[in-house]
Amino acid sequence: MTPTDVVEHALVLVEQGRVLEISARSSRQVPAGVSVSDFGDGVMAPGYVDLHIHGNAGYDVMDDTAEALPAIEQLLARHGVTSYFPTTVTAPMDVTLRALERLADAIEKRALERERQREQKNADGKSRALPLGIHLEGPFLSHARRGVHPPEDLLAPTLALFERFWQAARGRIRMMTIAPELEGAPEVIAEAARRGVCVSLGHSDADFDAAERGIAAGARHATHTFNAMRPLDHRSPGILGAVLTDRRVNADIIADGVHLDPAIVKLVSNAKGPEQTVLITDATSATGMPDGRYRLGSFEVDVRDGKCMADGRLAGSVLTMDRAVRNLARFAEWDLRQAVAAASQNPARAARIANKGVLAAGADADFVVLSPEGEVLRTFLGGVECSGC
């Protein structure tokens, strides 16, 4: 699955971490001297891209520990994610600034490592999911729709504050969630969009007009659609009316069966279609762990029976992307190819990530091998199988 097309009995040639050529085995001989991997009846698909993840494996992306991101990235790869945006949660300003600096360090370090591997043709088996940019979720959120984001740390959006975050992250902010109805939001949206940030509407009590003003300013995405948003009303459609009907906007969803009823997953998928529906996990440090108490940013969440809760409210998820793909296929009655696109091509395109989310000549050789039912069998990053997968 490219994922727009299906090539039966495919031959995929990879060189120095990139896809060189894709063809059918019936029309192309295996070149001499290459190393061959046969995946049997497995399905090759682009590696998944998670634009919204707070952590897993007991770690949060804002943790100040050297082992946090490697552990998170290994578990991500195990579930088919090859690229991701580590996502912050609203916290005191100094905590957020330090986290942005650490995440920028990690992104730059991994990028250098990848380039060295390509130059040296080093296939040492240490590959794991790659952080491509930061998703700034908060502090520019609505008090009325803040979810579990600490109210004392929410801030009104200003260009000066955005600049502080931008400088701390050294320009590595690639996505930002913002409530468009807040005073100053349109100006911040416009500036962030000018710098190439994927501006996402979310945690918002906006009416329809305020949401459309945010879109006109440059917002092109919606964060965990329906969750932490003014409810849809047939006479006052609000932000959801704008997100579901405006073709300029991609909508991401948490398809865990907890955040959204399956019927609402189908509703969003029908409204946005196979090209503008995006899967995210919103996963927390509790993902991949037993029930218990875990951290989300600077506060704690309780996990019981697949639900993350804080103060009686949903607080992220324990969803993995491979399960989200299978759930979307079932809930929306889509085929596996369409569901895979919602986890690969669609998020990459929404966030303007080049050479990710597709299998095509010139693209990075990040791919998963799936069972016919969509279970992840193997994960490859730059043509190298991810360690621990």
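The values are calculated or read from the model by the stated rules, or taken from the named source; none is laboratory data. Nothing here was measured: the structure is a model prediction, and the numbers come from that model. No Cβ is skipped: glycine too gets one built from the backbone with ideal geometry, and neighbour counts run over all protein chains shown.
So here's what we get for this one:
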item	result
Subset of the stretch 57-72 that is assigned to a loop (DSSP other than H, G, I, E, B) and either in contact with a Gly (Cβ under 9 Å, 6 or more places away or on another chain) or of a type in the set (A, V, I, L, M, F, W, C) (or both) - its residue that is surrounded by the most Cβ atoms within 10 Å (Cβ to Cβ)	Val61
Pair list, Cβ < 6 Å and 6+ apart or interchain, from the stretch 236-261 residues that are touching a residue at least 40 places away in the same chain (Cβ under 8 Å) and within 18 Å of Glu212 (Cα to Cα) to residues that are in a strand (DSSP E or B) and of a type in the set (A, V, I, L, M)	Ile239/Met229; Val243/Ala222; Val243/Ala251; Val249/Ala222; Asn250/Val278; Asp252/Val278; Asp252/Ile280
Residue within the stretch 60-79 that is closer than 29 Å to Leu201 by Cβ and among the β-branched types (Val, Ile, Thr) present	yes
Positions within the stretch 200-233 being in contact with a Gly (Cβ under 8 Å, 6 or more places away or on another chain), hydrophobic (A, V, I, L, M, F, W, C) and surrounded by fewer than 24 Cβ atoms within 10 Å (Cβ to Cβ), in sequence order	Phe208, Leu232
Whichever residue in the stretch 335-364 is in contact with a Pro (Cβ under 7 Å, 6 or more places away or on another chain) and part of a loop (DSSP other than H, G, I, E, B) and, among such residues, is surrounded by the fewest Cβ atoms within 10 Å (Cβ to Cβ)	Val358
Criterion violated by Asp261 - all others in (1) under 26 Å from Asp64 (Cα atoms); (2) surrounded by fewer than 24 Cβ atoms within 10 Å (Cβ to Cβ); (3) among the acidic types (Asp, Glu) satisfied	(1)
Subset of the stretch 343-389 (residues that are among the small types (Gly, Ala, Ser), touching a residue at least 40 places away in the same chain (Cβ under 8 Å) and under 21 Å from Ala222 (Cα atoms))	Ala343, Ser344, Ala348, Ala350, Ala351, Gly357
Residues being within 20 Å of the chain's Cα centre (by Cα) and at pLDDT below 95 - total across the stretch 296-305	1
Any hit, the stretch 92-102, residues being hydroxyl-bearing (Ser, Thr, Tyr) and either closer than 15 Å to Arg174 by Cα or out of contact with any strand residue (DSSP E or B) (no Cβ under 9 Å at 6 or more places or on another chain) (or both)	no
The stretch 116-161 - residue that is among the polar types (S, T, N, Q) and modelled with pLDDT under 95 and, of those, surrounded by the fewest Cβ atoms within 10 Å (Cβ to Cβ)	Gln120
Matching residues, the stretch 1-56, being touching a helix residue (DSSP H, G or I) at 6+ places or on another chain (Cβ under 6 Å), in a loop (DSSP other than H, G, I, E, B) and in contact (Cβ under 8 Å) with a residue 24 or more places away in the chain	Met1, Pro3, Gln16, Gly17
Sole residue being part of a loop (DSSP other than H, G, I, E, B), over 30 Å from Ile72 (Cα atoms) and without any contact (Cβ under 8 Å) to a residue 60 or more places away in the chain, chosen from Glu212, Glu191, Glu187, Glu181	Glu181
Test: residue in the stretch 275-283 that is in a helix (DSSP H, G or I) and either surrounded by 19 or more Cβ atoms within 10 Å (Cβ to Cβ) or among the aromatic types (Phe, Trp, Tyr) (or both)	yes
